[in-house]
Amino acid sequence: MTGLFIVFEGGDRTGKSTQVRRLQAWLAEQGRPHIVTRQPGGTELGATLRRLVLDPASGDVDHRAEALMYAADKAQHVHEVIRPALGRGEVVVCDRFVDSMIAYQGAGRNLALDEVGDIAWWAVGGLRPDLTILLDANPDEAVSIKQHKDRLESAGLDFHRRVRQHFLDLAAQRPEEYFVMKAFSGRDQMAAQIAARVAPLLDPG
């Protein structure tokens with residue numbers, strides 16, 4: 001049995017956490033060993049970095065410093081959590097991965113995409129998901145409705161529109177590795193579609 005790496009991506013408030021939980025429940029029903037984790041914050045070090053990077057109290061964090069904190073979280077997370085689980089043959093379900101760093105810290109913050117991408121992929125040792133599930137929503141209908149926002153959620157609609165477009169651009173570049181879904185299209189329906197997409201990957205061939 002080989003491990004399987006599944007990542008959920010998308011803008012803020014698109015329902016990723018809900019669908020992660022639904023997939024977790026489905027994997028348990030299938031009797032497949034699995035873990036569910038997230039970036040940033042999937043390790044003790046990552047939890048500290050998550051607090052620093054998202055807390056408005058951190059103040060005016062330089063965009064490059066922000067990107068490097070995310071990269072540090074990813075490096076530790078892959079080392080401590082993801083690669084060991086894959087090595088045990090487990091299914092790893094991760095809420096956000098490299099695409100988020102490129103979309104948010106690259107496109108969102110107007111940093112050079114190739115530079116941010118190089119740092120991010122270096123941090124994770126080139127590890128790529130077997131499948132990325134992208135939940136797509138107009139930020140005008142998602143993050144903008146949240147009242148209490150963290151540092152990234154407070155970055156403005158133009159920021160989140162750039163993030164959304166870059167997610168879509170990434171999926172268009174490698175369509176075989178992405179499953180793009182319209183967010184808010186019904187939790188049960190979405191969960192069933194995700195399970196149907198993942199099922200063949202559990203027992204390929």
Over segment 67-81, the set of residues crowded, with 18+ Cβ neighbours inside 10 Å, over 10 Å from Gln39 (Cβ atoms) and among the acidic types (Asp, Glu) is none
Looking only at residues in segment 171-189 that are touching a Leu at 6+ places or on another chain (Cβ under 8 Å) and open to solvent by less than 70 Å² (accessible area, probe 1.4 Å), which one is nearest to Asp99 (Cα to Cα)?
Ala171
For the structure I just gave you, tell me whether Val61 is in contact with a helix residue (DSSP H, G or I) (Cβ under 6 Å, 6 or more places away or on another chain) and surrounded by fewer than 19 Cβ atoms within 10 Å (Cβ to Cβ).
no
If the requirement is being closer than 19 Å to Val20 by Cα and out of contact with any strand residue (DSSP E or B) (no Cβ under 9 Å at 6 or more places or on another chain), which of these qualifies: Val78, Val93, Val116, Val98?
Val78
Give the residues of segment 33-58 that are among the charged types (D, E, K, R) and either surrounded by 17 or more Cβ atoms within 10 Å (Cβ to Cβ) or in contact with a helix residue (DSSP H, G or I) (Cβ under 8 Å, 6 or more places away or on another chain) (or both), sorted by residue number.
Arg38, Arg50
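The values are calculated or read from the model by the stated rules, or taken from the named source; none is laboratory data. The model shown is predicted, which means the values in this text are computed figures rather than measured ones. No Cβ is skipped: glycine too gets one built from the backbone with ideal geometry, and neighbour counts run over all protein chains shown. Just the protein is used for accessible areas: all its heavy atoms, side chains included, with ligands, DNA and RNA removed. Shrake-Rupley method; radii C 1.70, N 1.55, O 1.52, S 1.80 Å.
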